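Below is one structure, written out as structure tokens, with a few remarks after it.
The values are calculated or read from the model by the stated rules, or taken from the named source; none is laboratory data. Because the structure is a prediction, the values reported are computed rather than measured. Virtual Cβ from ideal backbone geometry, glycine too; neighbours counted across all protein chains shown. Accessible surface areas use protein heavy atoms only, side chains included; no ligands, DNA or RNA. Shrake-Rupley method; radii C 1.70, N 1.55, O 1.52, S 1.80 Å.
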Amino acid sequence: MNGLPSTLRENLAGTGDLSTSKLDALENVSLHAGESYVAAAIRAGVVSEEKLLETLAKSLHLGYTRLGDLAIDESVRSRVPTKVVFQYDVMPTRWENGSLTVATNDPFNLAMIECLRMLTQSRIQLVLSPLSDIRNAMKRHYGVGADTLDQLLQKNVLDLDNAAPLPEKSDVASNDQEASVVKFVNQIIAEAYKERATDIHIEPMEEDLRIRYRVDGVLQQVPVPPQLKRFQAAIISRIKVMAQMDIAERRLPQDGRINVRSGGAEIDVRVSTIPTAHGESVSLRLLMRTSIFLGLDKLGLAGDDEKIIRKLVELSHGIVLVTGPTGSGKSTSLYAFLSSINSVEQRIITIEDPIEYQLAGVNQMQARPDIGLTFASGLRHILRQDPDVIMVGEIRDLDTAEIAVRAALTGHLVFSTLHTNDAAGAVTRLLDMGIEPFLVSSSVEALIAQRLVRTICPRCREEYTPDPELLVEVGYPEPHVGQQFFRGRGCEECRMTGFRGRLGIYEILVMRENLRPLIIGRAASSTIKTAAVANGMRTLRDDGWIKVRAGITTIEEVARVTQEDEALVSG
């Protein structure tokens with residue numbers, strides 16, 4: 001179809017929904033080879049997809065629908081082969097009286113209509129729907145990679161549970177079966193990247209193979225085809241080949257690494273396998289190099305907290321510790337701190353395990369405990385390299401802690417992390433390791449606790465009134481008159497969670513003179529925390545309430561990530 005036929009123009013004009021100028025523009029749309037008219041019109045920016053489809057539906061006397069979370073019976077879906085659904089981007093939605101209703105965004109694809117009619121031996125009734133709705137419905141009902149697995153099944157392949165391991169990458173393209181497994185694994189990783197997942201877990205169950213993504217810190221099960229268990233051995237073998245792991249060793253845990261590209265972005269994938277009762281469980285951690293370069297203004301710091309951080313990173317010596325559980329964004333914060341002071345005047349050296357992201361201009365060293373290169377030994381050698389700033393991935397033992405303290409006291413600025421619940425708890429942890437109290441009080445300049453809260457999806461954000469009992473239960477300050485609360489209703493954009501993206505909440509304990517005697521006297525962390533709050537420190541939960549008042553996150557989300565944070569009431 002080239003341009004806009006006069007009869008269709010008349011029909012579109014008859015709806016009264018499009019101006020003459022838009023109709024003229026639609027008439028002059030040029031199509032690329034193999035491109036549908038609807039796709040070309042959207043590409044040209046003449047009109048939005050939703051507006052165009054609604055108008056086309058009205059002019060062609062077709063239905064228009066948003067599939068959303070529409071439940072579609074399996075008996076309807078099974079009438080159209082999976083391969084055809086994915087080939088033509090269509091979604092069967094209803095079967096009634098010998099007529100199959102199919103959602104499409106291209107009503108002019110006669111080959112698709114004829115193919116469906118022949119395969120189903122029924123009348124085809126089209127309804128128009130945005131392409132994103134159709135593809136989300138395809139993933140939800142058929143599963144990620146369903147078309148690829150369907151091709152494997154069509155080839156009547158052998159039982160892959162006992163299949164030989166896949167050959168190296170260079171040999172894979174020569175075998176259709178193996179190429180399909182390669183494609184499926186690539187689809188799983190590409191889909192995870194698209195969904196902003198940080199982890200992929202491939203978990204063998206007794207009857208199926210479960211795949212879950214961790215998105216915004218929360219695990220979400222991925223819809224997969226029901227036959228996936230058959231291909232378990234081949235899928236896991238393929239991942240092990242990509243990660244250069246021993247594909248014959250299935251009894252011991254293994255670690256590996258994959259470098260892949262998706263949509264022009266470079267992704268480092270850390271792979272870990274462990275043997276379980278029903279086969280090897282595989283975890284893949286996705287590290288997007290491009291996502292780490294955040295400025296301090298992108299971390300979610302309140303205005304006054306950002307000023308404090310900017311002063312801390314410009315200190316000439318001392319220790320700044322970032323604390324929090326695994327996955328709370330500590331590494332991201334440290335990289336942001338280093339990026340803000342990275343210059344030709346500063347010699348910055350890090351020792352990490354592993355090096356998660358590469359910073360231009362920073363000397364980064366990978367810890368290798370298996371050959372004796374531990375944090376402690378690496379830190380000793382760093383001190384002979386004339387550094388101005390040092391970053392240690394984590395202080396895990398007394399040896400590392402002692403060297404870090406010595407470095408701070410001899411004129412170096414040291415950044416590192418600790419696994420503690422709050423800022424004051426880091427003091428207790430250092431003392432428990434065996435560091436003398438006077439050394440802690442004189443070397444530590446600041447302790448920063450942090451968590452990540454999910455932010456409300458902007459597409460489905462809505463105002464609501466929270467339950468007053470909930471406000472009391474979580475210790476929310478008395479709301480002022482007219483205060484608004486927001487939440488996400490749930491939409492396709494956020495996978496019906498109501499959240500999209502994450503932001504940090506912080507608790508910054510700056511070492512003041514009134515805190516040093518408490519540390520030297522080995523006071524309890526709760527006593528230190530109370531004194532810090534009296535100095536003006538905001539707790540994690542208090543900082544979370546600021547984000548709630550700004551309409552960034554929800555009360556429930558802040559309460560979820562700060563459960564261990566005791567509400568402090570200063571006298």
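Taking the criterion of being free of Cβ contacts under 8 Å to residues at least 60 places away in the same chain and within 20 Å of Lys330 (Cα to Cα), the residues of the stretch 394-417 that qualify are Glu394, Arg396, Asp397, Thr400, Ala401.
Going by the conditions given, is Ser272 small (Gly, Ala, Ser) and under 30 Å from Glu557 (Cβ atoms)?
Working: small (Gly, Ala, Ser): yes; under 30 Å from Glu557 (Cβ atoms): yes.
Yes, satisfied.
Restricting the first member to the stretch 57-71 and to residues that are closer than 17 Å to Val102 by Cβ, and the second to residues that are open to solvent by less than 50 Å² (accessible area, probe 1.4 Å) and in a loop (DSSP other than H, G, I, E, B), the beta-carbon pairs closer than 7 Å and six or more apart or on different chains are Leu60/Pro107; Leu62/Pro107; Thr65/Ser129; Arg66/Ser129; Leu67/Ser129.
What are the residues in the stretch 229-246 that are open to solvent by 30 Å² or more (accessible area, probe 1.4 Å) and either modelled with pLDDT of 90 or more or of a type in the set (S, T, N, Q) (or both), if any? Quick ask: steps written out before the conclusion?
Within the stretch 229-246, the subset open to solvent by 30 Å² or more (accessible area, probe 1.4 Å) is 229-230, 244, 246.
Matches in the stretch 229-246: Gln244, Asp246.
Per this entry, Glu556 is counted among residues that are open to solvent by 70 Å² or more (accessible area, probe 1.4 Å), out of contact with any strand residue (DSSP E or B) (no Cβ under 6 Å at 6 or more places or on another chain) and either more than 19 Å from Ala302 (Cα to Cα) or of a type in the set (Lys, Arg) (or both). Close Cβ contacts (under 8 Å, 6 or more residues apart or on different chains) running from residues in the stretch 179-208 that are without any contact (Cβ under 8 Å) to a residue 60 or more places away in the chain to residues that are among the aromatic types (Phe, Trp, Tyr) and assigned to a helix (DSSP H, G or I) comprise Val181/Phe231; Phe184/Phe231. You will find that of Ser78, Ser129, the residue that is polar (S, T, N, Q) and within 20 Å of Glu35 (Cβ to Cβ) is Ser129 and no other. Looking across the stretch 409-420, just one residue is outside any strand (DSSP E or B), in contact with a Leu (Cβ under 9 Å, 6 or more places away or on another chain) and closer than 29 Å to Asp543 by Cα, and that is Thr420.
Select from the stretch 454-475 the residues that are of a type in the set (Val, Ile, Thr) and modelled with pLDDT under 95 and list them in ascending order. Explain how you work it out, then say what you get.
At the first step, the residues of the stretch 454-475 found to be of a type in the set (Val, Ile, Thr) are 455-456, 465, 472, 474.
Correct list: Thr465, Val472, Val474.
If you go through the stretch 117-124 one residue at a time, do you hit one that is open to solvent by less than 70 Å² (accessible area, probe 1.4 Å) and assigned to a helix (DSSP H, G or I)? First the steps, then the outcome.
Taking the stretch 117-124 first, the residues open to solvent by less than 70 Å² (accessible area, probe 1.4 Å) are 120, 122, 124.
Checking which are assigned to a helix (DSSP H, G or I) leaves us with 120.
Yes, there is a match, as at least one residue in the stretch 117-124 is open to solvent by less than 70 Å² (accessible area, probe 1.4 Å) and assigned to a helix (DSSP H, G or I).
Scanning the stretch 452-472 for residues being in contact (Cβ under 8 Å) with a residue 12 or more places away in the chain and surrounded by fewer than 15 Cβ atoms within 10 Å (Cβ to Cβ) gives a total of 7.
Tell me, please, whether a residue that is farther than 23 Å from Leu287 by Cβ and crowded, with 18+ Cβ neighbours inside 10 Å can be found in the stretch 216-224. Before the answer, list the steps.
Step one: filter the stretch 216-224 for residues farther than 23 Å from Leu287 by Cβ, giving 223-224.
Okay, now just the ones that are also crowded, with 18+ Cβ neighbours inside 10 Å, so 224.
So far as the stretch 216-224 goes, yes, one or more of its residues are farther than 23 Å from Leu287 by Cβ and crowded, with 18+ Cβ neighbours inside 10 Å.
Could you say whether any residue in the stretch 211-226 is in a helix (DSSP H, G or I), at pLDDT below 85, over 30 Å from Ile456 (Cα atoms) and more than 23 Å from the chain's Cα centre (by Cα)? Within the stretch 211-226, one or more residues are in a helix (DSSP H, G or I), at pLDDT below 85, over 30 Å from Ile456 (Cα atoms) and more than 23 Å from the chain's Cα centre (by Cα). Within the stretch 462-481, the presence of a residue that is at negative phi, touching a Pro at 6+ places or on another chain (Cβ under 6 Å) and of a type outside the set (Ser, Thr, Tyr) is excluded. I'd like to verify a number: residues in the stretch 247-280 that are part of a loop (DSSP other than H, G, I, E, B), among the charged types (D, E, K, R) and open to solvent by less than 80 Å² (accessible area, probe 1.4 Å), how many? Of the residues in the stretch 247-280, 1 are part of a loop (DSSP other than H, G, I, E, B), among the charged types (D, E, K, R) and open to solvent by less than 80 Å² (accessible area, probe 1.4 Å). Report whether or not Arg285 is of a type in the set (D, E, K, R), over 25 Å from the mean Cα position of the chain (by Cα) and within 28 Å of Ile355 (Cβ to Cβ). No. Contact map, the stretch 378-389: residues that are touching a residue at least 12 places away in the same chain (Cβ under 8 Å) and under 12 Å from Thr400 (Cα atoms) paired with residues that are open to solvent by 10 Å² or more (accessible area, probe 1.4 Å) and not in a helix (DSSP H, G or I), Cβ distance under 7 Å, separation 6+ or inter-chain. Pairs shown: Gly378/Met365.
Evaluation of Asn186 against the conditions (1) open to solvent by 60 Å² or more (accessible area, probe 1.4 Å); (2) modelled with pLDDT under 85; (3) not in a strand (DSSP E or B) shows that the sole unmet condition is (2). Scanning the stretch 94-107 for residues that are open to solvent by less than 30 Å² (accessible area, probe 1.4 Å) and within 20 Å of Pro130 (Cβ to Cβ) returns Thr101, Val102, Ala103, Thr104, Asn105, Asp106, Pro107. Can you spot a residue in the stretch 479-498 that is closer than 30 Å to Ser443 by Cβ and crowded, with 18+ Cβ neighbours inside 10 Å? No - not one qualifying residue is present in the stretch 479-498.
Could you list all residues from the stretch 393-442 that are among the polar types (S, T, N, Q) and either under 31 Å from the mean Cα position of the chain (by Cα) or crowded, with 21+ Cβ neighbours inside 10 Å (or both)? Scanning the stretch 393-442 gives Thr400, Ser416, Thr417, Thr420, Asn421.
If you go through the stretch 357-370 and keep only what is in a loop (DSSP other than H, G, I, E, B), more than 24 Å from Gly318 (Cβ to Cβ) and not hydrophobic (A, V, I, L, M, F, W, C), you end up with Tyr357, Gln358.
Restricting the search to the stretch 499-509, which residues are surrounded by 20 or more Cβ atoms within 10 Å (Cβ to Cβ) and not basic (Lys, Arg)? Steps first, answer last, please.
Step one: list which residues in the stretch 499-509 are surrounded by 20 or more Cβ atoms within 10 Å (Cβ to Cβ), which gives 499-500, 502, 504-509.
Result: Phe499, Gly504, Ile505, Tyr506, Glu507, Ile508, Leu509.
Taking the criterion of being open to solvent by 70 Å² or more (accessible area, probe 1.4 Å) and either at pLDDT below 85 or closer than 24 Å to Asp208 by Cβ (or both), would at least one residue in the stretch 143-155 satisfy it? So far as the stretch 143-155 goes, yes, one or more of its residues are open to solvent by 70 Å² or more (accessible area, probe 1.4 Å) and either at pLDDT below 85 or closer than 24 Å to Asp208 by Cβ (or both).
Which of the residues belonging to the stretch 371-392 are in a helix (DSSP H, G or I) and within 31 Å of the chain's Cα centre (by Cα)? Result: Phe375, single match.
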